[in-house]
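All of the numbers you see were taken from the coordinates with simple rules; none came from a lab. These figures come from a predicted structure and were not determined experimentally. In this analysis, Cβ positions are derived from the backbone assuming ideal geometry, glycine residues included, and neighbour counts consider all displayed protein chains.
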C-alpha cells in the first residue's frame, strides 16, 4: 500500500493498520491527536492542481515511484496513490490526467550558457554541418540577405566531426581563404563549437588589424601558416583580438535571445539552468524579466570571474539567493583554468599524443585562482572552475585545497565545483570526494569527443582518467550533469543516452567506449535532478518530487528508464511544469 505525504506529515491509508509501530500506544496517540487537530482547524486544504495516473519517478529513495501528485501555491503538498491524492480535490482544483506517461522532477542543466542558447537561434547555427564547404555555403546564403559591411556571426562548427577538411589545413584546422572568397565585403567570425576558438575571414582580420606581425600574450594563439601569415584561426584568449570589433548586441536582440532560450529549455523539460558565466548586463536582463514574469526557467547564475569589477561589487554586497520565489540566485563565480581539448588548449601534464611538445594553455594564473577562491570563501560564494586537462584539474584542486586550509569563513559546506573535469590523473580522482569538490560533467561531451580524443591523449590516458563517471561516483563524489549548450544541443535525452551507453549518437561502438564507466539509468537521472540541485545548494527545494519542494516537473512520451537504448533518443517532452504551472505542452492533455 502506498503512503500519501501531506504537508509535513505522512498519512497512511485507513486500510493499513497503524498498530505496527515500535511504540504502539504512543504512535496511536499521535495519530488520533493529529486527526483531532484537523477536525478542530477547519476543512482540509485542497490542491490547486492534481496530476493523476502517472508513471512518476520521484528521485526520492524513500518513495521512488507514485501515481499522483498534488500541488498548492506552486509547491508539492502530497504524493501517493490516485485515490489518496484525489481526496484533496476541491471545486477549484485542476486535474491533469497523465494517462500513464512518465513524469520526473524538472530537469536541471547543471552547466550551460543560457544566452548562448538563445543567440545560437539568432546567429548561424553550424552545429550539424559535415564539411568546410557546407560551412562556406551557409555563410554565402546569409550574406545574400545582408548589406555590405554587416557582420556574419555563427557558432557550432567542429572540424573533428566533419567528413573531411578541405586543404590547406594548419594544425588540423581550416584556413580562411575559401571563406574569404565568398565574403569579400562582410566581416565574418564563426566560433568553434567549444567556444574556445574561432575562424575569421580576411575582412574581419583587416578591420582588426591582424597581420603576420600580430602576437598574443600567453593563454592564446593566432594560428599562422608556414609563411607566417594568419590562417584566420584564433585560439583561446586570442579571440579577443577580433571580438572587440564585433558590434555589441542591443537591448532588443538580447531580449530576443533570452526569449529563445526560455522557449528552448522548456521544450526540453529543463526547469532549472546553471548559467556558466554572466556579466552585469545579463544579470540586469534576468532581473527585468523576473519582474515582468517572463523568467520561466530557474537560473543559478555564475559570475564571470574575468570581470574584476563585477566580483568586487558582489563580494562587497554578498550573494543574491532565491530571488522571486527561487527563480534567480547569484552565489557562485565562474573561472577558467585552461582551454578545450578539441583546439589543444586543454592543459596537460604530458604533451599531446598528436602534437609533439604541445601541452595546452593555462588561461588564468593559478595564483589568481587562489585569490578569487579566498575572497569567495570569505564572502559566501561558491567557485566553479573550468578545467579540461589533467594538469588544469590538478592545479585547480591544489588551489581549492590551499584556500580551504587558509581561509576563515562561516561555513565548511563549500561545494566548490570543477566544470567539465574531463581528463583526470588517476591520483586526483579520489580528491574530489575527499575535498567535497563537485565534478560538473557533461556526458554528451564523451559521445561527441571520444572518437577523436584518443588521438589527442592516447589509449592509456583515456582509460585511466577521461570521462571516468563511475570512478568518481564509486569514490563518493557527487557527479552532476549537463550539456554545455550551445557547445552541444540542449536536448537532455542525448546527454542521458550518452551517460548510460557511452556511445556516439550514431550508436557506436556497439558496447560503448570504456563501458565500465557507464552510469546506470538511476544514476543518470539523479545527476540531472537531485544531484544537480545539490550542486547549487538547492536540494531542499527542488530535484525530487517530495512534499514541500517546488512543483517543477517534466512529462515524457516514453519511459526512458525502461525503453531500449535506441528509443531513448526518440523520447520527447510532452509537457513541462514550473511552479505548478504548465509552461510547455506539445499535445492536448485534458485539464479538467
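Restricting the calculation to Cα atoms, every distinct pair contributes to the Kirkwood radius of region 283-369, found to be 15.5 Å. For the chain, the longest principal axis of the C-alpha atoms and the axis of helix 24-40 are separated by about 90°. Could you compute how fast region 114-243 diffuses translationally, taking Rh as the Kirkwood radius over C-alpha pairs and applying Stokes-Einstein at 37 °C with viscosity 0.692 mPa s? Give it in µm² per second. Answer from the Stokes-Einstein relation: 223 µm²/s. Across region 453-503, the convex hull enclosing all Cα atoms gives 96 Å³ per residue. Among 153, 179, the ranking by other beta carbons within 10 Å of each residue's beta carbon, starting with the fewest, stands as 153, 179. Taking every C-alpha pair closer than 8 Å and separated by at least 6 residues, the mean separation divided by the residue count of the chain gives a relative contact order of 16 percent. For the Cα trace of the chain, dividing Rg by the Kirkwood Rh returns an Rg/Rh value of 1.00.
Pairs of Cα atoms in region 342-475 fall into 5 Å distance bins, from 0 up to the last occupied one, in shares of 2, 10, 21, 22, 19, 13, 8, 4, 1, 0 percent. Note on region 353-394: Rg/Rh from Cα positions, Kirkwood definition for Rh, rounded to two decimals, is 1.12. Once the Cα atoms are used to define both axes, helix 390-406 deviates from the longest principal axis of the chain by about 60 degrees.
Arrange the following residues from fewest to most other Cβ atoms within 10 Å of their Cβ: 516, 552, 455.
If I rank by nearby Cβ atoms, fewest first, I get 516, 455, 552.
Compared with the dominant principal axis of the Cα atoms in the chain, helix 308-317 is inclined by about 20°. For region 301-420, taking Cα atoms only, Rg and Dmax work out to 15.5, 53 Å respectively. Size descriptors for region 403-511: radius of gyration and Dmax over Cα atoms are 15.3, 51 Å.
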